Amino acid sequence: MITHRPFGIEHPYAASPDQRVPVLPLAGESVRLGVVVSPDVTRVVCEWDSSELELSPATDTSGDAAALAGGEGHLSEAQAKSLGADGAWFVVTPPITEPVRYRFHAYTSGSSAESTEWFEVCPATWMPSGGQIRGAEGRVRGVEWLVSAQQTHRARFRLEFRPGDHLVGFGERYDVLDQRGRSLDAVVFEQYKSQGVHGRTYLPMPFAQVVNADGNGWGFHVRTSRRTWFSSDDTELLVEVALGDEAVVDLGIYQGSPTKVLTAFLDEAGRAEDLPSWVFRLWASGNEWNTQDLVMARMDAHRDLDIPVGTVVIEAWSDEEGITIWRDAQYDVTPDGSAHKASDFSYPADGAWPAPKEMIDELHRRGIKVVLWQIPLQKTEFSTGQVAADAEAMVREGHAVLEADGTAYHNRGWWFPKALMPDLSVQRTRDWWTEKRRYLVEEFDVDGFKTDGGEHAWGHDLRYADGRRGDEGNNLFPVHYARAFGDLLRSAGKAPVTFSRAGFTGSQAHGIFWAGDEDSTWAAFRSSITAGLTAASCGIVYWGWDLAGFSGPVPDAELYLRATAASTFMPIMQYHSEFNHHQLPLRDRTPWHVAETTGDDRVVPLFRQYAVLREKLVPYLAAQAAATISTDRPLMRPLFFDHFNDPEVWNHPYQYLLGNELLVNPVLEPGATTWTSYLPEGEWYDVWTGDTVSRGLISRDVPLDVIPVYTRNRELLDLFR
């Protein structure tokens with residue numbers, strides 16, 4: 001009849017209707033207390049120590065709804081419903097100066113009442129003492145500690161800037177390359193589209209570096225997996241750190257050039273390993289390719305149109321219940337939740353996947369690798385069948401992430417709501433979870449996994465088997481997730497090819513990443529390039545995006561082809577399209593479908609031209625990736641890494657080096673006929689003409705078949721003939 005949760009559902013950016021806001025008030029601050037009650041409740045009272053506060057029905061949650069904005073798409077409606085306010089009541093308390101106990105009473109028209117348990121709120125104060133900062137090396141000033149009667153909750157301190165300093169890092173960021181003058185935080189979050197607008201990311205890191213023209217740069221890493229906050233102005237960076245039971249901040253400070261700073265960070269965080277060269281070929285996928293016939297038809301079209309493709313990602317291969325068994329497969333349930341082998345399944349001739357092993361074998365004969373989609377959740381809405389047996393086994397055998405009271409955690413987010421989450425923090429559960437997929441690797445010869453999701457852990461007091469609580473363990477979940485599938489592939493003698501969107505510090509060592517959900521717009525194109533450059537600045541080597549976006553109507557030909565050109569010169573080149581309930585018109589991002597939809601007959605031949613060029617670039621990309629891993633100079637490299645002493649590079653934040661030899665400047669505006677690039681010191685060649693060009697600003701014509709690319713290595717010009 002009445003519910004109040006001081007922390008709510010713990011959405012990082014929005015309050016739920018039954019929440020206390022703020023959860024931790026400052027001394028002298030009022031709080032907003034919310035409850036959710038049943039429809040027959042006519043009055044709600046808060047017993048606030050020795051006084052009573054009358055609650056009122058809540059009518060406006062537009063602010064919280066804005067936190068979930070993602071625009072049109074298959075998850076938008078689910079997100080909009082996740083903070084529903086039906087039955088919500090609230091009251092704003094008097095200012096709090098000392099700990100207060102409170103509870104609620106709900107009354108119905110018949111005067112019956114229901115009461116909640118007692119809660120306590122303890123105000124906190126920023127104080128000059130209360131903990132310890134390790135590793136400050138003289139750079140930290142203005143240290144303060146947020147202290148209540150219960151504990152020390154946070155630390156904050158300042159790091160000083162000099163005029164002309166630039167601030168880059170914080171994981172994958174979509175808004176700007178230079179974060180100086182902005183505010184952000186580091187918490188893993190699934191922002192469905194528009195990440196650059198909202199300042200949120202799937203892949204944060206509490207690491208950044210300060211770059212300046214005299215080469216006296218430095219960087220820092222807050223060595224924590226708890227949430228951190230950052231804001232800066234012209235003179236300083238303010239850092240705020242959530243603390244655990246021990247009031248200690250462990251801070252790493254690194255000195256030197258951008259590459260030296262990154263090397264010092266990666267010595268702690270881990271670094272990528274060499275992956276096979278096939279990952280640099282074109283990847284193709286569509287969420288609605290949900291039958292064997294559809295997948296083979298798409299690959300047949302690639303063959304018939306002479307458009308080379310290296311990998312097909314099959315997303316809709318399973319029933320999206322357990323994500324372990326091909327849809328329509330016939331088999332006996334293992335009641336104890338144990339793993340199946342390939343021989344346990346048969347496939348009806350009229351099913352969605354009548355012969356999946358034979359399909360994979362045929363794709364391999366064509367030189368096409370196969371990657372299968374995954375999600376790290378176990379559905380619970382089924383009372384029978386393998387999914388129900390697996391869910392019961394997860395709880396019974398202690399493989400689930402737990403709530404503070406020891407019960408199994410159920411996903412509080414909008415995607416796969418109420419699903420169980422495997423506790424991948426420990427090896428026994430990583431083995432248990434991946435064993436169900438082993439037959440796919442060892443017997444079906446699958447080449448990798450799209451490790452989608454990973455942002456589902458909400459709750460400061462969740463319990464992980466490695467001893468961490470949620471406030472410390474939630475950000476690490478996607479790291480463990482990619483690691484688990486990488487280890488599965490390694491154990492079968494395969495390269496650890498995982499394709500993730502979520503991550504944190506430590507993700508550098510685990511596979512490939514893509515920029516996540518985004519619309520087909522020019523703004524999303526620009527923000528995705530920024531995402532790639534910021535991720536690379538933090539040590540992510542293998543990175544790509546859904547070229548031209550994956551959501552919404554099919555992009556126009558110009559956007560699609562400009563994005564194709566840019567993706568040809570990124571570490572990973574792939575196209576993908578969102579689930580659209582199989583409604584017409586289709587939203588596939590295949591080049592032939594874009595050509596048909598837009599009526600532009602240039603799309604297929606130009607896409608083919610770039611895909612063929614990509615094939616030629618594979619040896620170069622493989623060699624440059626190996627060089628990146630050995631030197632820590634990013635593969636998709638912002639210009640400041642090599643030219644930190646050239647202030648002009650900061651005026652061209654979308655230009656980058658692809659390896660050591662190619663400078664790329666994607667065309668990012670519609671209708672462009674010429675495009676201006678900045679060439680740093682050295683003698684350069686236009687790869688399309690072979691002409692020598694000098695340092696400085698240079699403009700060239702950019703028809704749709706041209707993206708400005710320059711090199712200082714004449715030997716590479718042959719690749720572009």
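The values are calculated or read from the model by the stated rules, or taken from the named source; none is laboratory data. Source: prediction; values computed, not measured. Here the Cβ is made from the backbone with ideal geometry for all residues, glycine too, and neighbour counts use every protein chain on show.
Exactly one residue out of 155, 186 is buried (at least 20 other Cβ atoms within 10 Å of the Cβ), in contact (Cβ under 8 Å) with a residue 24 or more places away in the chain, more than 27 Å from residue 544 (Cβ to Cβ) and out of contact with any Lys or Arg (no Cβ under 6 Å at 6 or more places or on another chain): that is 155.
Here 217, 181, 199, 169 are screened, and the one residue that is free of Cβ contacts under 8 Å to residues at least 40 places away in the same chain, not assigned by TED's automatic domain parsing to the domain that holds residue 527 and not hydroxyl-bearing (Ser, Thr, Tyr) is 199.
In contact (Cβ under 8 Å) with a residue 40 or more places away in the chain, in the same structural domain as residue 433 (by TED's automatic domain parsing) and touching an Asp or Glu at 6+ places or on another chain (Cβ under 6 Å) - does that describe any residue in region 324-331? Yes, because at least one residue in region 324-331 is in contact (Cβ under 8 Å) with a residue 40 or more places away in the chain, in the same structural domain as residue 433 (by TED's automatic domain parsing) and touching an Asp or Glu at 6+ places or on another chain (Cβ under 6 Å). Taken over region 694-721, the criterion of being over 19 Å from residue 642 (Cα atoms), in contact (Cβ under 8 Å) with a residue 12 or more places away in the chain and over 37 Å from the mean Cα position of the chain (by Cα) is satisfied by 714 alone.
The single condition among (1) of a type in the set (Val, Ile, Thr); (2) at pLDDT below 95; (3) touching a Pro at 6+ places or on another chain (Cβ under 7 Å) that residue 380 does not satisfy is (3). Those strands (runs of 3 or more DSSP E) of region 1-58 in which at least 2 residues are more than 36 Å from the chain's Cα centre (by Cα), considering only elements entirely within it, cover 41-48, 51-54.
The numbered conditions (1) crowded, with 20+ Cβ neighbours inside 10 Å; (2) among the polar types (S, T, N, Q); (3) not assigned by TED's automatic domain parsing to the domain that holds residue 366 are all true for residue 255 except (1). As a summary of the residue check, residue 552 satisfies the conditions (1) surrounded by fewer than 20 Cβ atoms within 10 Å (Cβ to Cβ); (2) within 22 Å of residue 13 (Cα to Cα); (3) out of contact with any helix residue (DSSP H, G or I) (no Cβ under 9 Å at 6 or more places or on another chain) except for the one numbered (2). The strands (runs of 3 or more DSSP E) falling completely within region 612-693 that include 1 or more residues that are hydrophobic (A, V, I, L, M, F, W, C), closer than 21 Å to residue 530 by Cβ and modelled with pLDDT of 95 or more map to 636-638, 656-658, 662-664, 674-679. All of (1) touching a Leu at 6+ places or on another chain (Cβ under 9 Å); (2) hydrophobic (A, V, I, L, M, F, W, C); (3) surrounded by fewer than 22 Cβ atoms within 10 Å (Cβ to Cβ) hold for residue 586 with one exception: (1).
Here is a yes/no grid of residues against (1) of a type in the set (A, V, I, L, M, F, W, C); (2) buried (at least 21 other Cβ atoms within 10 Å of the Cβ); (3) touching a Ser or Thr at 6+ places or on another chain (Cβ under 7 Å):
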residue	(1), (2), (3)
303	no, no, no
307	yes, yes, no
312	yes, yes, yes
331	no, no, no
338	no, no, no
342	yes, no, no
346	no, no, no
